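Asker: One structure follows; several queries about it will come next.
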Amino acid sequence: AKITLVCINVVILYFQLEKEVKTEKNEPTIYEISESAVDITEITTNLANNQYIRFSLKIQTANSVAAEELSKREFQVNNIVIQELSEITSQELEGKVGKQTFEELLKSLLNPLMQSGEIEHVYIVSYIIQ
């Protein structure tokens with residue numbers, strides 16, 4: 001009975017470890033992420049409540065071809081970002097949830113522009129409101 005229990009535990013542990021290894025292999029490496037990411041230069045604009053914001057973004061795309069396309073579309077990215085920020089107050093950007101919501105909003109607005117892949121994540125990499 002003890003041998004059976006040990007064997008069952010070994011089998012369960014084996015499948016759990018195999019599942020973790022497969023999950024890790026599906027995640028892109030930091031090198032793949034950096035090859036498919038685009039830095040958006042610092043943007044300064046007014047918010048809806050007459051404060052101003054200065055921030056910069058890094059946008060992760062699906063692949064290097066999509067990153068190249070997004071680089072060429074930086075003027076469109078800036079336009080969308082400025083338009084959206086003109087409708088948002090500093091209170092809506094407060095805290096972790098506010099920033100994550102804005103990142104997801106940008107992702108949903110920028111993806112329709114893309115013809116060679118898609119945007120996987122938008123990161124705010126610097127941020128100040130005055």
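Readers should treat all values here as calculations from the given coordinates under stated rules, not as data from a laboratory. These numbers were taken from a predicted model, which means no experiment stands behind them. Cβ sites come from the backbone with ideal geometry, for glycine too, and all protein chains shown count toward neighbours.
Asker: Only one of these conditions is not met by Asn111: (1) under 15 Å from Val38 (Cβ atoms); (2) within 11 Å of the chain's Cα centre (by Cα). Which number is it?
Answerer: (2)
Asker: Find the helices (runs of 4 or more DSSP H) located wholly in the range 13-122 whose residues include 1 or more that are buried (at least 16 other Cβ atoms within 10 Å of the Cβ), and list them.
Answerer: 64-72, 74-85, 95-110
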